[in-house]
Amino acid sequence: MIDILKLLAIVWAAMSVIMAALWHVQKIHNDASVVDVVWAAGVGGSALLFALAADGSFSRRMLFLAVAGIWSMRLTFYLLFNRVIGKGEDGRYRKLRLEWGDKAQRNFFLFFEAQAIFVLLFAVPFGPVVFNIDPYLTAWSIAGALVGFGAILGEAIADAQLADFRANPANKGRTCRVGMWGYSRHPNYFFEWLHWFAYVLMGVGGPFWWLTFFGPVTMLFFLYRLTGIPHTEKQALISRGDDYREYQRTVSPFIPWFPKKIPSSKLKV
């Protein structure tokens with residue numbers, strides 16, 4: 001446990017410095033959007049540190065690094081090119097900037113430093129995986145990798161389906177029901193959450209295995225209570241109104257499932 005704590009301390013210290021520097025950059029440019037990109041990259045960097053510094057099975061550490069590294073790189077570049085470069089400040093941060101007024105920079109500093117803590121929290125599940133000394137790749141490790149790669153692929157497909165839908169001018173103001181979006185209102189969030197179970201499975205047999213549940217539990221809390229579903233659905237109701245309300249009535253909010261059929265007598269004329 002002491003070795004895991006040492007690595008977590010290094011992660012927190014490094015990310016605190018990085019986030020402080022990033023806060024200074026946003027202060028100059030009045031744009032906080034890049035914080036999401038650095039968070040994703042920071043979790044990937046934490047995975048690299050854990051994989052290289054731990055003394056667990058080499059094959060398991062490399063398999064773990066492949067899952068965490070691909071996840072981090074995909075999300076980092078997706079956020080960079082879809083929410084930062086040439087996009088202006090994200091609406092969430094523009095709204096916060098207006099609400100905070102004169103206290104905006106102080107609050108943004110605290111917000112950026114909170115991201116360092118969030119990176120720390122999401123690095124916690126890595127410990128039991130990389131310090132697992134079993135020299136063989138067990139069925140649990142392989143199953144975890146399959147879940148991780150599958151979730152990354154699922155999230156990438158969902159993002160691509162949404163991007164293609166939005167690229168069509170005829171779909172402006174309409175809700176995407178294409179592909180996975182016809183079975184879940186947030187398939188990208190679902191696969192993001194599912195990805196964290198990769199480390200639960202890969203960590204079986206490792207020290208303090210219960211720490212691996214920090215990943216899926218924390219991510220579910222974030223998605224349902226903080227930055228995920230509540231904000232996304234609030235904005236969707238503002239921009240798409242009744243079309244999105246119907247979508248909410250018929251499509252599962254999170255876990256993909258068959259859409260509900262509303263009797264014609266209940267449909268608005």
Counting only helical runs of four or more DSSP H residues, what would the 222 nm mean residue ellipticity of the chain come to if each run contributes -39,500 (n - 2.57) and the total is spread over all its residues? -22500 deg cm²/dmol
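Can you sort Ile238, Ile18 from fewest to most other Cβ atoms within 10 Å of each residue's own Cβ?
Ile238, Ile18
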Packing-based exposure ordering (other Cβ within 10 Å, fewest first) of Arg83, Arg60, Arg166: Arg166, Arg83, Arg60
Net charge (Lys, Arg +1; Asp, Glu -1) of residues whose beta-carbon lies under 14 Å from that of Trp140, Trp140 excluded, is 0
Mean separation of Cα contacts under 8 Å (6+ apart) over length of the chain, as relative contact order %: 21
Total formal charge among the other residues, if their Cβ is under 14 angstrom from that of Thr76, Lys/Arg +1 and Asp/Glu -1: -2
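Can you order the peptides 71-78, 194-201 by their average number of other Cβ atoms within 10 Å per residue, highest first?
The peptides rank, most packed first, as 194-201, 71-78.
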How big is the equivalent ellipsoid of the chain along its three axes, where each semi-axis is √(5λ) from the Cα gyration tensor, reported in whole Å from largest to smallest? 34, 26, 15
In debye, nearest 20: dipole of the chain around its Cα centre with unit charges on the Cβ of K, R (+) and D, E (-)? 1080
Got a sec? Charge dipole of region 2-266, +1 on Cβ for Lys and Arg, -1 for Asp and Glu; which of Ser33, Val129, Leu162 is way out at the positive end? Leu162
Are there any helices in the chain, counted as whole DSSP H runs, that stretch 15 Å or more along their axis by Cα and score at least 1.6 on average by Kyte-Doolittle, and if so which? 34-53
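Taken together, the values in this text are just the output of simple stated rules run on the coordinates, not laboratory data. Here the structure is a predicted model, which is why all the values come from computation and not from measurement. All Cβ positions, glycine included, derive from the backbone under ideal geometry; neighbour counts span all protein chains shown.
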